[in-house]
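Asks: Right, I'll just put the structure down here and ask away after.
The values are calculated or read from the model by the stated rules, or taken from the named source; none is laboratory data. Quantities reported herein were computed from a predicted structural model and do not represent experimental measurements. Cβ atoms come from the backbone with ideal geometry, glycine included; neighbour counts cover every protein chain shown.
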Amino acid sequence: MPQRYPRGVYLTDAQQAALIAHINRTWPDSSCDRCRHNDWMAVGYVSMTVTPSPSTVVGGGPSLPTAALVCKFCGNTRLINLKIAGVVTGA
């Protein structure tokens, strides 16, 4: 079960609950694919800018609403699209 990161930007309680519900509904095995532990923390928002090509650098523009889940044992990090997960809505 993901826990909040001890410092930094947090998801709201409602967003945290929606993210946990998404993980429980969609991940058949929520253990870490690197170390097999099952002790995750939700770190918060990650900025992922959408660009028209791999070599383009954009200062602003569209982005993917994303949060990071970090394995508390080995540090493996998974990125979750918050719109697809139902945590955020809108454009």
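Asks: Is it the case, given these coordinates, that Pro28 is at pLDDT below 80 and either more than 24 Å from Gly90 (Cα to Cα) or among the hydroxyl-bearing types (Ser, Thr, Tyr) (or both)? Steps first, answer last, please.
Replies: On the way: at pLDDT below 80: no; either more than 24 Å from Gly90 (Cα to Cα) or among the hydroxyl-bearing types (Ser, Thr, Tyr) (or both): yes.
Taking the combined requirement at face value, the residue does not satisfy it.
Asks: Restricting attention to segment 36-67, which residues are closer than 16 Å to Ala14 by Cα and free of Cβ contacts under 8 Å to residues at least 40 places away in the same chain?
Replies: Scanning segment 36-67 gives Met41, Val43, Gly44, Tyr45, Pro65, Thr66.
Asks: If you go through segment 68-89 one residue at a time, do you hit one that is at pLDDT below 90, outside any strand (DSSP E or B), under 14 Å from Leu11 (Cβ atoms) and out of contact with any His (no Cβ under 8 Å at 6 or more places or on another chain)?
Replies: yes
Asks: In addition: Suppose we keep only residues that are among the small types (Gly, Ala, Ser) and in a strand (DSSP E or B) within segment 36-67. Which one would you say is modelled with the highest pLDDT?
Replies: Ranking the candidates gives Ala67 first.
Asks: So, of the residues in segment 69-87 that are among the aliphatic types (A, V, I, L, M) and surrounded by fewer than 16 Cβ atoms within 10 Å (Cβ to Cβ), which turns out to be nearest to Ser30 (Cα to Cα)? Walk me through it before giving the result.
Replies: Let us first name the residues in segment 69-87 that are among the aliphatic types (A, V, I, L, M), namely 69-70, 79-80, 82, 84-85, 87.
Narrowing the set further to residues that are surrounded by fewer than 16 Cβ atoms within 10 Å (Cβ to Cβ) leaves 79, 84.
Working: Leu79: 14, Ile84: 18 Å.
Checking each candidate, the answer is Leu79.
Asks: Among the residues of segment 11-35, write down those that are touching a residue at least 60 places away in the same chain (Cβ under 8 Å) and not in a helix (DSSP H, G or I).
Replies: Scanning segment 11-35 gives a single hit, Leu11.
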